[in-house]
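First comes the structure, then the notes that go with it.
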Amino acid sequence: MKCPNCGCLKDKVLDTRQSKNGTVIRRRRECLNCGFRFTTYERYQEEGILVKKKKGYIEPFKREKIIKGIQLASKNIPISYKDIERIADIVEQYILEEGKFLVESREIGYIVQEELKKLDKMAYIRFKSVYEGISDIKELENILKEVKNNN
Ligand SMILES: [Zn+2]
């Protein structure tokens, strides 16, 4: 599999997982040249996983999008890249286990939020307010209340 980082064709498989219903196999790979890690999916049809956005349009699932979203929400907050990768892994594992081809973006958002909540309340609040498109002070106050009440 061609490395998306350096283009090298040699890699090793670090981890292979199968969905519950056996329709999808996910392989975590590491480039032997540059060490870049990436994920491949094997399925009957050559279709990637699709994400249905809140507004109804559909786009391909991208792990980097999750990572960027978390990075944005955790700016100046001590959350390690390892933690961010772990959250992306949890999302991928969920999709894989469900054996789905189409996931709703709110399902992904919910998983990320719950993981961030355990790591850092501020990152959770930031992510949730961006992901859910909160533009109202009242809604933000409700999130703050929820966080305070859970402490
Ligand atoms: Zn490479």
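Among the residues of the range 1-14, which ones are part of a loop (DSSP other than H, G, I, E, B) and either surrounded by 12 or more Cβ atoms within 10 Å (Cβ to Cβ) or near the ligand (Cβ under 9 Å from one of its atoms) (or both)?
Passing the criteria: M1, K2, C3, P4, N5, C6, G7, C8, K10.
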Filter the range 26-75 down to residues that are within 12 Å of the chain's Cα centre (by Cα) and of a type in the set (A, V, I, L, M, F, W, C) and give me whichever is surrounded by the fewest Cβ atoms within 10 Å (Cβ to Cβ). I67
Return a yes/no flag: does the range 86-97 have any residue that is within 16 Å of the ligand (Cβ to nearest atom), surrounded by fewer than 16 Cβ atoms within 10 Å (Cβ to Cβ) and in a helix (DSSP H, G or I). no
So if I check each of E114, E98, E59, E146, which one is without any contact (Cβ under 8 Å) to a residue 24 or more places away in the chain and under 30 Å from M1 (Cα atoms)? E59
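For the range 98-121, which positions are acidic (D, E) and assigned to a helix (DSSP H, G or I)? Let's see the steps before the verdict.
The first filter runs over the range 98-121 and keeps only residues acidic (D, E), leaving 98, 104, 107, 114-115, 120.
Of everything in the range 98-121, those that are acidic (D, E) and assigned to a helix (DSSP H, G or I) turn out to be E98, E107, E114, E115.
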Sole residue being within 16 Å of the ligand (Cβ to nearest atom), out of contact with any Phe, Trp or Tyr (no Cβ under 7 Å at 6 or more places or on another chain) and either under 25 Å from G99 (Cβ atoms) or not charged (D, E, K, R) (or both), chosen from E59, E64, E42: E64
Selection from the range 115-135 of residues that are over 20 Å from N76 (Cα atoms) and of a type outside the set (A, V, I, L, M): E132, G133, S135
Does the range 94-106 include one or more residues that are among the basic types (K, R), modelled with pLDDT of 90 or more, within 14 Å of the chain's Cα centre (by Cα) and within 25 Å of T23 (Cα to Cα)? yes
When you go through R27, R17 one by one, which is the residue that is outside the structural domain of F127 (by TED's automatic domain parsing) and within 16 Å of the ligand (Cβ to nearest atom)? R27
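The values are calculated or read from the model by the stated rules, or taken from the named source; none is laboratory data. What you see is a predicted model; the values in this text were computed from it and never measured. Positions of Cβ are backbone-derived with ideal geometry, glycine not excepted, and every protein chain shown enters the neighbour counts.
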